[in-house]
Amino acid sequence: MPEGKLIGCVRETTAPKTIWLFLHGNGGQASDRVYALPSFSNHDSVYILEYPGYGSRPGSPSMSSINKAATQAYEALRSKFPQVPVCIIGESIGSGPASFLAKNPLPPDKIVLILPFDTLANVAAVHYSYLPVKFLLQDNWDNVASLSDYKGQLEIFGARADTIVPIRHAWALADSKPSAIFHIIEGDHNDWANGLKVTIRYNN
């Protein structure tokens, strides 16, 4: 809560082994993401960021404002927990700001991307193939570029039947980082948390 402002939700544990900052997808708000908590260890603390303009947080959502909010939250957690690994999860569109944090001067110890894209423009082109999307899209997170120099642990999950962000985008992103661990899970875009398909851990 920088400056006493509510900027998301949290599940805190005593003496956490790992700190996770969760950057959620486009639909809903931070408080809707409790479905993800079973994927985490009970020994870890999970902070779910609310984006500007989402839920009760004031502001207007954009690539710039979300990147800024993610950076502020990440750096606040680094400052609060200097001796604990601080890691990032990016879900769907949240993979954009999650990958952006890879360029931070003190990058995350691990990044987990769930249903991510290679570039947002490439995904938009799938849904709007009759328009010159790359020229019309004002915000274009490029996860391939953001992660190009990242040296930390990187784990990627793509859903085999994803109709929102087809799995080929997650695969393309994984191919751009040979060190990444890539998992294929069953189901569509909103099914990833069902049945504990995804387990989120930091391996130190």
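The values are calculated or read from the model by the stated rules, or taken from the named source; none is laboratory data. All values derive from a computational prediction rather than experimental measurement. Don't worry about glycine lacking a Cβ; one is built from the backbone with ideal geometry, like all the others, and counts go over all protein chains shown.
Pairing each residue of region 22-36 that is in contact (Cβ under 8 Å) with a residue 24 or more places away in the chain and over 19 Å from residue 112 (Cα atoms) with any residue that is surrounded by 15 or more Cβ atoms within 10 Å (Cβ to Cβ) and of a type in the set (Ser, Thr, Tyr), provided the two are 6+ apart or on different chains, yields C-beta distances under 7 Å for 29/54. Among the residues of region 184-194, is any modelled with pLDDT of 95 or more, crowded, with 17+ Cβ neighbours inside 10 Å and closer than 26 Å to residue 125 by Cα? There is at least one residue in region 184-194 that is modelled with pLDDT of 95 or more, crowded, with 17+ Cβ neighbours inside 10 Å and closer than 26 Å to residue 125 by Cα. Can you find even one residue in region 143-151 that is touching a helix residue (DSSP H, G or I) at 6+ places or on another chain (Cβ under 6 Å), aliphatic (A, V, I, L, M) and without any contact (Cβ under 8 Å) to a residue 40 or more places away in the chain? There is at least one residue in region 143-151 that is touching a helix residue (DSSP H, G or I) at 6+ places or on another chain (Cβ under 6 Å), aliphatic (A, V, I, L, M) and without any contact (Cβ under 8 Å) to a residue 40 or more places away in the chain. Scanning region 166-189 for residues that are free of Cβ contacts under 8 Å to residues at least 60 places away in the same chain, on the phi < 0 side of the Ramachandran plot and in a loop (DSSP other than H, G, I, E, B) gives 166, 177, 178, 179, 180, 186, 188.
With respect to the conditions (1) buried (at least 19 other Cβ atoms within 10 Å of the Cβ); (2) within 17 Å of residue 88 (Cα to Cα); (3) not small (Gly, Ala, Ser), residue 199 falls short on a single one, namely (1).
From the list 59, 53, 90, 96, the lone residue that is free of Cβ contacts under 8 Å to residues at least 12 places away in the same chain and in contact with a helix residue (DSSP H, G or I) (Cβ under 9 Å, 6 or more places away or on another chain) is 59.
From 116, 85, 61, grab the single residue that is buried (at least 18 other Cβ atoms within 10 Å of the Cβ) and under 16 Å from the mean Cα position of the chain (by Cα). Steps first, answer last, please.
Working: 85 fails: under 16 Å from the mean Cα position of the chain (by Cα); 61 fails: buried (at least 18 other Cβ atoms within 10 Å of the Cβ).
Going through 116, 85, 61 in turn, the sole match is 116.
Among the residues of region 6-22, are any touching a helix residue (DSSP H, G or I) at 6+ places or on another chain (Cβ under 8 Å), at pLDDT 90 or above, loosely packed, with under 15 Cβ neighbours inside 10 Å and within 19 Å of residue 193 (Cβ to Cβ)? No: zero hits. Restricting region 145-165 to residues that are surrounded by fewer than 18 Cβ atoms within 10 Å (Cβ to Cβ) and in a loop (DSSP other than H, G, I, E, B) leaves a set whose member that is modelled with the lowest pLDDT is 163.
Here's the yes/no breakdown for (1) β-branched (Val, Ile, Thr); (2) in a helix (DSSP H, G or I); (3) under 18 Å from residue 199 (Cβ atoms):
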{"position": "38", "(1), (2), (3)": "no, yes, yes"}
{"position": "42", "(1), (2), (3)": "no, no, yes"}
{"position": "47", "(1), (2), (3)": "no, no, no"}
{"position": "58", "(1), (2), (3)": "no, no, no"}
{"position": "64", "(1), (2), (3)": "no, yes, no"}
{"position": "68", "(1), (2), (3)": "no, yes, no"}
{"position": "73", "(1), (2), (3)": "no, yes, no"}
{"position": "77", "(1), (2), (3)": "no, yes, no"}
